[in-house]
Ligand SMILES: Cc1cc2nc3c(=O)[nH]c(=O)nc-3n(C[C@H](O)[C@H](O)[C@H](O)COP(=O)(O)OP(=O)(O)OC[C@H]3O[C@@H](n4cnc5c(N)ncnc54)[C@H](O)[C@@H]3O)c2cc1C
């Protein structure tokens, strides 16, 4: 029978992970418990529930940093005024995750650790240049999200470590932003392709700075820095938008699976950018 080792504090989490190196932290359980159920008892490693560890909950801001506890649920993120003010793009993406019951359970730390190319919080976190705080009994370290996620299901976490907080720059979200997800049913389906974009325009309609990220078109979330750089200083005419969408189609490396073909994902990835840029033109 599986052991459940219940910690009362963050220090106890670290202590349990040292004493039981094979134990798995569980937050909302919406990924892990589903996976364990599908394995029908083949994996009996102990679980360490994080839900009651107060230090891992909540959203706060000091002068230079907006901090989101790893065990904060997406419902809480959607309702939080600091997120609405400083990271509305993250709230937009969170609203598309599962249905209300899933959003009440599912946590941002679990979404990041699952490291699915379709994880809906990830594209906004890449654009907002989130830093992932990792901690263990040995201390803390910080990694940019793009270095934390290594591949599908793979992260830079080492033994004994958990994600403790997600750190953002207050005011890091640009005024024009969007999150879009294509799939069969909007909230209960895994995204076939997702897109997050944000841009800052001059009064004359020239792009000052733009950032874009795609989900489910590569092993990890994809940004195309060369395209972002090329578009800075551009006025958005039809030719620029067509050219940008073509660059996206040439840059993505999607796979075909039961939900969509690689060609469909490639085409949609370009269309999502084109739609965002057309929207900026007004
Ligand atoms: C019906 C349904 C619909 C869904 N819809 C969506 C969707 O639309 N979009 C989407 O992105 N996802 C969706 N998901 C997937 C899932 O809900 C999310 O990935 C969720 O954010 C996972 O968080 P959790 O707290 O439930 O993680 P858990 O299941 O508790 O854990 C997931 C993994 O992360 C590890 N972990 C958890 N917390 C930490 C931590 N602090 N530090 C280190 N490791 C940790 C666990 O050990 C496990 O490996 C859906 C799932 C279901 C069942």
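Using mean Cβ contacts within 10 Å as the protection proxy, how do 160-166, 33-39, 235-241 order, highest first? Before the final figure, lay out each step's value.
Working: 160-166: 23.1, 33-39: 11.4, 235-241: 14.0.
The peptides rank, most packed first, as 160-166, 235-241, 33-39.
Give the relative contact order (percent, whole number) for the chain; include only Cα pairs under 8 Å separated by 6+ residues.
Working: 575 pairs, mean separation 41.4, N = 282.
Dividing the mean separation by the residue count of the chain yields 15 percent.
Taking 2.2 N^0.38 Å as the expected size of a compact globular protein, what ratio does the Cα radius of gyration of the chain give against it, to two decimals?
Numbers: Rg = 19.4 Å, N = 282, 2.2 N^0.38 = 18.8 Å.
Dividing the Cα Rg of the chain by 2.2 N^0.38 Å gives 1.04.
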Computed over the chain: longest principal axis from alpha-carbon atoms vs helix 262-281 long axis, angle to nearest 10 degrees, is 60
Hull shadow area, averaged, region 7-96 [alpha-carbon convex hull, nm²]: 7.3
Just to compare against my own numbers: the Cα pair-distance distribution for region 176-281, 5 Å bins, whole % per bin, please. 2, 13, 24, 25, 17, 10, 6, 2, 0, 0
Any chance you could get the radius of gyration and Dmax over the Cα atoms of region 43-117, in Å? 13.2, 44
Over region 176-281, calculate the relative contact order: mean separation of alpha carbon pairs under 8 Å at least 6 apart, over the residue count, as a percent. 24
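Peptides 63-74, 196-207: what's the order by average Cβ count within 10 Å, highest mean first?
63-74, 196-207
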So how do 158, 173, 178 line up by other beta-carbon neighbours within 10 Å, fewest first? 158, 178, 173
Could you state the number of Å between the C-alpha centres of region 232-282 and region 1-47? 41
How big is the convex hull of the Cα atoms of region 88-184, per residue, in Å³? 109
State the dimensionless ratio Rg/Rh of region 234-282 (Rg: radius of gyration of Cα atoms; Rh: Kirkwood radius). 1.06
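Only helical DSSP H runs with n ≥ 4 go in: add -39500 (n - 2.57) per run for the chain, normalise by residue count and round the 222 nm mean residue ellipticity to 500 deg cm²/dmol.
On the way: 12 runs with 100 residues, N = 282.
Taking each H run of at least 4 residues, the total per residue is -9500 deg cm²/dmol.
Each value in this text was obtained by applying a stated rule to the coordinates, not by laboratory testing. Everything numeric in this text was worked out from a predicted model, so none of it was measured. We place every Cβ from the backbone using ideal geometry, glycine too, and count neighbours over all the protein chains shown.
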